[in-house]
1. Hey, what angle do you get for helix 63-73 against the long axis of the chain, alpha-carbon based, 0 to 90 degrees rounded to 10?
2. With charges only on Cβ, +1 for K and R and -1 for D and E, what is the dipole size of the stretch 163-223 about its Cα centre, in debye, rounded to 20?
3. Using a simple charge model, +1 on the beta-carbon of Lys and Arg, -1 on the beta-carbon of Asp and Glu, nothing else, what dipole does the chain show about its Cα centre, in debye to the nearest 20?
4. Looking at the stretch 1-123 only, what percent of DSSP beta bridges run antiparallel? Nearest 5 please.
5. Take every Cα-Cα pair in the chain and report what % of them are more than 34 Å apart.
6. Using amide H atoms built 1.01 Å from N in the peptide plane, name the residues 5+ places from PHE106, or on other chains, whose amide H lies under 5 Å from its own.
7. Once Rh is set to the Kirkwood radius over Cα pairs, what Stokes-Einstein translational diffusion coefficient, in µm²/s, holds for the stretch 1-130 at a temperature of 4 °C and a viscosity of 1.567 mPa s?
8. Could you give the length gained by full extension between ASP173 and ALA14, i.e. 0.36 nm per residue of separation minus their alpha carbon distance, to one decimal place?
Amino acid sequence: MRIDAISIFPDYFAPLDLSLPGKARRAGLVDFTAHDLRGWATDRHRTVDDTPYGGGAGMVMKPEPWGEALDAVCTDAAVLIVPTPSGAPFTHADAVDLSGAEHLVFACGRYEGIDQRVIDHAATRWQVREISLGDFVVNGGEVAALAIIEAVVRLIPGFMGNPESLAEESHADGLLEYPVYTKPAHWRDLDVPEVLLSGDHGRIAAWRREQSRARTRQRRPDLTHDAGE
Ligand SMILES: Nc1cc(-c2cccs2)n[nH]1
């Protein structure tokens, strides 16, 4: 998978040098490049924003630099991802879907957003996904792009050492993950649930399923499709 991120803060993606282990890159699983949007700003001051038509506070990102940047970076197979508070909520199902993509391009907006014509024009040439990380606002799309990249790349076959661990994690089966424990069995007057020390794998599996269901009912009633589950 090829991944490109376009931003006025390309150094924001330096952590990917840590979290996308060298093996993923060397194995050819992931090829990541961060681009500075100002590289496509043609005026002397490399301007990327201007005041909004219709008035209002803040600045809007100009269409010209974005148009040139997307022309240069997006291949025909590109899926353009635009993190935005006004996007569709990002889910595990989206991460699974995107993990099969050939090319992801992240348009990381700042200020009050990107001129809408950039997205509208891009949608005539590539698949465009306007994605929200949740009902809160951050200052730029970079942190959202980092989270989405991590959620997607870890699902690429061959990336995770033990793919079995993917099957049981939160949201993989529509439920929240059960609580986990490790040694010591007794710590600060707290014991590991006896069932986990029993060696009875049937009882352990049943206990874990019930813990997941109870946790999901309590913390995420919106995910509980069938109350009887
Ligand atoms: N979910 C979400 C996305 C965002 C932003 C993306 C770009 C600027 S702010 N805030 N919250």
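Each reported figure results from applying straightforward, stated rules to the coordinates on display, with no laboratory input. Worth saying up front: this structure is predicted, and the values here are computed from it rather than measured. Cβ placement follows ideal geometry from the backbone for every residue including glycine, while neighbour counts extend to all protein chains displayed.
1. Value to nearest ten degrees: 60.
2. 220
3. Using Cβ point charges on Lys, Arg, Asp and Glu, the chain gives about 420 debye.
4. Antiparallel: roughly 10 percent of the beta bridges in the stretch 1-123.
5. Distances greater than 34 Å cover 31 percent of the Cα pairs.
6. ASP4, ALA5, ILE6, ILE81
7. Calculated translational D: 83 µm²/s.
8. 54.0 nm
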